[in-house]
């Protein structure tokens with residue numbers, strides 16, 4: 001018999017706790033495969049967020065630290081400064097990175113920390129039960145914006161890639177999606193490139209991955225994927241926003 | 001090493017490097033700025049790293065990352081900044097990460113002022129952040145002791161896998177005194193850091209995770225009980241204090257740090273006036289030297305607690321004395337340092353003399 005597919009060695013055997021139709025599991029897989037293919041799993045150190053991915057430290061098959069809410073880039077800075085040879089990455093949601101952790105992500109980028117950030121944007125607070133996030137779309141209904149997010153007062157979504165790409169010391173900033181197979185394949189290439197740049201000591205790299213939350217969006221898994229394509233991507237355009245190697 | 005005239009903040013920074021600290025993360029705040037300035041200048045010379053964080057919140061989380069990666073790491077701040085660090089200190093205690101924190105206290109509450117204070121005693125000794133935990137707190141009274149305790153702090157942190165705080169005030173931080181850095185030799189029996197995240201290739205394959213999340217209450221209770229078993233061990237082994245002229249004292253002054261120095265001057269003046277005062281100086285504020293009071297309690301007519309606060313250590317002294325003798329209090333706050341004369345007056349009043 002020939003093996004045609006197997007779970008990445010970059011993931012442990014712990015069953016993922018994510019809801020049906022959530023794309024966190026796919027994103028975990030892409031990160032894990034990238035670390036294995038680049039042959040850096042043994043020197044990888046993950047920093048887990050607070051939010052849906054809080055148990056990432058149980059899933060990635062490498063050393064890990066659990067950070068306080070929003071502080072993952074600061075924790076990662078401490079780790080990387082002690083072990084410059086380690087491949088250090090944070091895995092953060094939109095509440096963690098774009099709200100409470102705004103100062104930490106902006107300043108890690110400003111310092112050009114040689115880290116990789118996987119930023120999972122599903123436009124809502126998932127773990128706490130579907131509250132409004134800084135990335136919630138205008139008009140999107142959440143448990144704390146039940147009439148739909150109001151542009152005046154509740155504001156419009158923060159576009160983190162666009163914001164961070166203005167920071168001089170960043171190396172690579174890109175937004176990807178995993179809502180279909182071609183996009184997923186492209187996302188994998190992008191994530192792998194972000195880690196490759198860290199290996200080459202090029203500095204701060206961030207990949208924003210648009211992700212689904214069928215549970216809190218109140219959509220079926222299929223409709224949630226469609227919502228990413230039709231509703232989220234027009235607000236969060238995919239692409240490379242910064243690339244020190246040229247392009248973008 | 002020769003005796004060098006140094007500022008207190010510099011003595012603490014130099015002692016940290018002497019003790020093998022190679023990582024410093026911090027944010028500027030008066031009156032402790034000489035510590036980050038010294039570290040930013042001197043750490044690169046010994047292969048170390050200084051990072052100026054965007055806030056105290058970020059700084060303490062950088063400390064968490066570096067401590068979890070196995071390094072000897074220091075941060076320093078002053079009262080409002082230490083308040084901002086409390087979330088991170090709770091995580092450090094919960095995840096059992098060793099690190100050294102320096103608080104050069106200034107007056108509060110709020111933005112308060114930049115003059116010396118001891119009003120962070122409760123915050124330092126009773127936990128400070130959320131949840132059940134303690135940090136070990138060392139309170140130097142002079143610059144030599146500040147340097148020595150800073151070196152000791154790194155060993156204690158590693159021994160107990162716990163944050164250790166050097167709690168001083170703006171007076172200690174800004175004062176100049178001769179200091180001789182003692183040759184540092186780490187304690188021989190410090191446990192290996194076989195829990196630090198280094199990458200599995202470096203550690204032999206088994207995953208290491210730094211974490212303070214326990215969603216199952218029975219596991220969390222077990223974890224907290226284990227932390228408290230560790231604190232009990234600290235209480236047995238790490239209590240430090242200094243009695244001074246207590247044997248014949250009619251009044252025992254209890255003071256730490258800067259106020260203990262002033263109390264010593266006051267005691268000299270008292271004794272010239274025929275007033276027999278002594279000093280019991282806690283050096284560890286947590287664990288507090290409760291048992292030391294048993295050695296001195298028989299003789300004095302009462303105790304006088306002197307602090308640069310409205311009375312915080314006072315509570316622990318009352319617990320130690322347990323109603324057996326009167327406990328009086330004299331405090332100045334807002335950045336005002338009490339004079340020896342003010343303390344003499346208090347002693348005289350306690351012993352029934354006129355002013």
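Just so you know, all these numbers are worked out from the coordinates, no wet-lab data involved. Please read these numbers as outputs of a predicted model, since none were measured by experiment. Cβ atoms come from the backbone with ideal geometry, glycine included; neighbour counts cover every protein chain shown.
Using a basic spin-label model with each label point 7 Å from the Cα along Cα→Cβ, how many nm lie between residue A:14 and residue B:194?
2.2 nm
Averaging sequence separations of C-alpha pairs under 8 Å and six or more residues apart, then dividing by the length of segment A:129-205, give the relative contact order as a whole percent.
20 percent
Given the peptides A:178-184, B:6-12, arrange them by the average over their residues of other C-beta atoms within 10 Å, most packed first.
Ranking the peptides A:178-184, B:6-12 by packing returns B:6-12, A:178-184.
Cut-off is 10 Å between beta-carbons; in what order do B:104, A:173, B:29 appear when sorted fewest neighbours first?
Neighbour counts put them in this order, fewest first: B:29, A:173, B:104.
Pull out a ≥ b ≥ c, the square roots of the eigenvalues of the alpha-carbon gyration tensor of segment B:94-173, then state rounded if a/c is under 1.5, prolate if not and a/b is larger than b/c, and oblate in the remaining case.
oblate
Mind ranking B:343-350, B:150-157 by how tightly packed they are, going by the mean number of other C-beta atoms within 10 angstrom, highest first?
Top of the packing list down: B:150-157, B:343-350.
On C-alpha positions alone, give me the angle between the axis of helix B:217-237 and the longest principal axis of chain B, in degrees, nearest 10.
For B:217-237 against chain B, the angle is about 50 degrees.
Just to confirm the number: angle between the C-alpha axis of helix B:56-68 and the first principal axis of chain B, 0 to 90 degrees, nearest 10?
60 degrees
Can you compute the helix-only [θ] at 222 nm over the protein assembly as shown? Use -39500 (n - 2.57) per DSSP H run of at least 4 residues, normalise by all residues, nearest 500 deg cm²/dmol.
-10500 deg cm²/dmol
Specify whether the C-alpha gyration tensor of the protein assembly as shown places it in the rounded, prolate or oblate class, a ≥ b ≥ c being the square roots of the eigenvalues: rounded for a/c under 1.5, otherwise prolate if a/b is larger than b/c and oblate if not.
Prolate, because a/c is 1.5 or more and a/b exceeds b/c.
Measuring from centroid to centroid over Cα atoms, what is the spacing of segment B:142-161 and segment A:144-210 in Å?
Their Cα centres are 44 Å away from one another.
Could you order peptides A:95-101, A:223-229, A:61-67 by the average number of other Cβ atoms within 10 Å of their residues, highest first?
Listed from highest to lowest mean packing, they are A:61-67, A:95-101, A:223-229.
Counting only other chains, and only Cβ atoms inside 10 Å, what mean value do you get across the residues of B:49-59?
Mean shielding by partner chains, rounded to a whole number: 5.
Tell me the angle of helix B:143-160 to the major Cα principal axis of chain B, expressed in degrees between 0 and 90 and rounded to the nearest ten.
50 degrees
Looking at chain B as a GNM with Cα springs under 10 Å, which of B:13, B:291, B:139 has the largest mean-square fluctuation?
Top of the fluctuation ranking is B:291.
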